[in-house]
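> Provided herewith is a single structure, encoded as structure tokens, for subsequent inquiry.
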Amino acid sequence: MAAIDKVRETRTFIEESWGELQKVTWPDRDQLQNATLVVIAFTIVISLVIWMMDGAVRFILNQILGIFGA
């Protein structure tokens, strides 16, 4: 009986999932394009911030190591 119950549960899950997918409002082309541009811009900005922080830490460490002659 356990195998039959699993098949029923799987079928129920698939039916419910399909029903939920019918309720989804999918983005149109313009919304998708705008969201993609926002993600790309945000990625570039965060990358630049991390790059600047890395440069600052590198500079500070070089100054500290230079003091000790390393």
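The values are calculated or read from the model by the stated rules, or taken from the named source; none is laboratory data. Here the structure is a predicted model, which is why all the values come from computation and not from measurement. Because the Cβ atoms are built from the backbone with ideal geometry, glycine has one as well, and the counts that use them run over all protein chains shown.
> Test of understanding: among Ile67, Ile14, which residue is at pLDDT below 95 and out of contact with any strand residue (DSSP E or B) (no Cβ under 7 Å at 6 or more places or on another chain)?
Working: Ile14 fails: at pLDDT below 95.
The unique qualifying residue is Ile67.
> What about Thr25, is it hydroxyl-bearing (Ser, Thr, Tyr), surrounded by 10 or more Cβ atoms within 10 Å (Cβ to Cβ) and out of contact with any Cys (no Cβ under 9 Å at 6 or more places or on another chain)?
no
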